[in-house]
Amino acid sequence: MNKSIYSYIKAMADTINENKDFLTQLDAEIGDADHGTNMARGFNTVITKINENDTDVSDVLKRVGMGLVSSVGGASGPLYGTMFLKASNVAKEADITQEVIMNMFKAALDGVKERGKATRGEKTMIDAMEPAYEAFAEVINSGGNLMQALENAVKAAEEGVEYTKTIIATKGRASYLGERSIGHQDPGATSFTLILKSVLENYKN
Amino acid sequence: MVGIVIVSHSNKISDGIVDMCREMAGKDQIIISAGGMEDGSIGTDAVRIANAIENADTGDGVLVLADLGSAILSTEMAMDILNDNSINIEIKIADAPIVEGAIASSIEAYLGGNLESCLKKAEEAKNFIKLNKK
Ligand SMILES: Nc1ncnc2c1ncn2[C@@H]1O[C@H](COP(=O)(O)OP(=O)(O)OP(=O)(O)O)[C@@H](O)[C@H]1O
Ligand SMILES: [Mg+2]
């Protein structure tokens, strides 16, 4: 990557803070109205645990993951925490090539699926994350560059968020609502997409 | 002695459950409340739960009673954290209603039951009949 790992985490924290009320509003519609608060508390905690001079990507991701686990408070804590911890394991390689980033993305996805035991179509962050990974991997595996991979991933994630409006939640708090969850987009799929978008923007600028 | 850990989103709930269990299981039975967040907010915290599990273990294992949603996810995360730090504790999460399960299993632990029997008592609480409807 072209910039410090800190700048990426900072970009994520900024986007979460900007969208805090929006995410909480989405969670108010189909959950317990805390997703924005949870995510903001988490990212505002982790940003104090890293700094601009950190160069060890794996170590930073590990501190971010552990920080989220102990400060988010909701289901997104262990889920996002696992995402960063699994990516951290793969990032131990000295050179973070675009193939390594693809493998980090895959490990993160597998980790979240294993932690939450959700599959696609259950109205969770998986509905944004899995198509995003697939779009990302398709570009990398066909010899494309990181910019294109990120752009396609964001697009796929956004479509995933739209898709969550059409389905019933069967995991998490929203599952208590049954059919009444239709018509609302999933907060976790939304936060994931915002985070991915912040990565793309930071990479571009 | 099997240790019991109570994981709720609310520390008032987990503290209250511990108080209720103490009435029957005595003051020496290990029952630890790991509810809510460090700062008192509603939520669950895997690190806090991992610490509680470590403190509850005397070598005979720990039974966790959890409420819902992330209480389970965070407890599973706590188990992974302990494992990653090479802390070997036998841990079971009970598939049981948190209050009834906590009371049934803490009495069993107090009477000298092992982890398996405490788990069984907790899970039997699922079928506990409260109302005799005619
Ligand atoms: N089992 C799961 N697998 C994948 N994602 C999940 C799962 N459960 C919940 N989520 C995601 O988490 C988001 C909700 O996160 P939030 O921080 O609001 O936690 P919560 O549901 O309030 O947690 P809690 O279980 O503590 O009430 C959902 O929108 C969904 O995307
Ligand atoms: Mg919520």
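The values are calculated or read from the model by the stated rules, or taken from the named source; none is laboratory data. Quantities reported herein were computed from a predicted structural model and do not represent experimental measurements. Here Cβ is always computed from backbone atoms with ideal geometry, including for glycine, and neighbour counts include all displayed protein chains. Only protein heavy atoms, including side chains, enter the accessible area calculation; ligands, DNA and RNA are left aside. Shrake-Rupley method; radii C 1.70, N 1.55, O 1.52, S 1.80 Å.
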### Task
Could you check how many residues of region A:152-167 are surrounded by fewer than 18 Cβ atoms within 10 Å (Cβ to Cβ) and not β-branched (Val, Ile, Thr)?
4
## Note on the structure
Per the list (1) buried (at least 20 other Cβ atoms within 10 Å of the Cβ); (2) in contact (Cβ under 8 Å) with a residue 60 or more places away in the chain; (3) more than 15 Å from A:Val112 (Cα to Cα), residue check on A:Glu29 breaks on (1)
### Query
Across region A:32-59, which residue is nearest to ligand 2 (Cβ to nearest atom) among those that are charged (D, E, K, R), within 14 Å of another protein chain (Cβ to nearest Cβ) and without any contact (Cβ under 8 Å) to a residue 40 or more places away in the chain?
A:Arg41
### Message
Checking A:Thr170 against (1) part of a helix (DSSP H, G or I); (2) open to solvent by 60 Å² or more (accessible area, probe 1.4 Å): exactly one of these is not met. Which one?
### Response
(1)
### Query
Would it be correct to say that B:Ser74 is outside any loop (DSSP other than H, G, I, E, B), more than 14 Å from chain A (Cβ to nearest Cβ) and open to solvent by less than 40 Å² (accessible area, probe 1.4 Å)?
no
#### Entry: Total residues in region B:83-116, condition β-branched (Val, Ile, Thr), without any contact (Cβ under 8 Å) to a residue 40 or more places away in the chain and out of contact with any strand residue (DSSP E or B) (no Cβ under 9 Å at 6 or more places or on another chain)
1
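Please state which one of A:Ala132, A:Ala149, A:Ala118 is open to solvent by less than 70 Å² (accessible area, probe 1.4 Å) and more than 16 Å from ligand 1 (Cβ to nearest atom).
Checking each option against the conditions leaves just A:Ala149.
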### Query
If you go through region B:1-41 one residue at a time, how many are farther than 16 Å from B:Ile98 by Cβ and either among the hydroxyl-bearing types (Ser, Thr, Tyr) or assigned to a loop (DSSP other than H, G, I, E, B) (or both)?
12
### Message
Pairs please, first residue from region B:45-71 and farther than 12 Å from B:Ile30 by Cβ, second anywhere and within 16 Å of ligand 2 (Cβ to nearest atom) and among the hydroxyl-bearing types (Ser, Thr, Tyr), Cβ atoms under 7 Å, 6+ apart in sequence or on different chains.
### Response
B:Asp45/B:Ser74; B:Ala46/B:Ser74; B:Ile49/B:Ser74; B:Asp67/B:Ser8; B:Ser70/B:Thr44; B:Ala71/B:Ser8; B:Ala71/B:Thr44
### Task
Could you look through region B:28-59, keep only residues that are within 16 Å of ligand 1 (Cβ to nearest atom) and open to solvent by 20 Å² or more (accessible area, probe 1.4 Å), and pick out the one that is nearest to B:Lys121 (Cα to Cα)?
B:Arg48
### Query
Could you say whether any residue in region B:9-27 is within 14 Å of chain A (Cβ to nearest Cβ), under 14 Å from the mean Cα position of the chain (by Cα) and buried (at least 21 other Cβ atoms within 10 Å of the Cβ)?
yes
### Summary
Residue pairs qualifying under the 8 Å Cβ cut-off, at least six apart or on distinct chains, with the first in region A:60-79 being among the polar types (S, T, N, Q) and the second being away from ligand 2 (no atom under 16 Å from the Cβ), are A:Ser70/A:Thr45; A:Ser70/B:Glu38; A:Ser70/B:Ala46; A:Ser70/B:Val47; A:Ser70/B:Arg48; A:Ser71/A:Thr45; A:Ser71/A:Val46
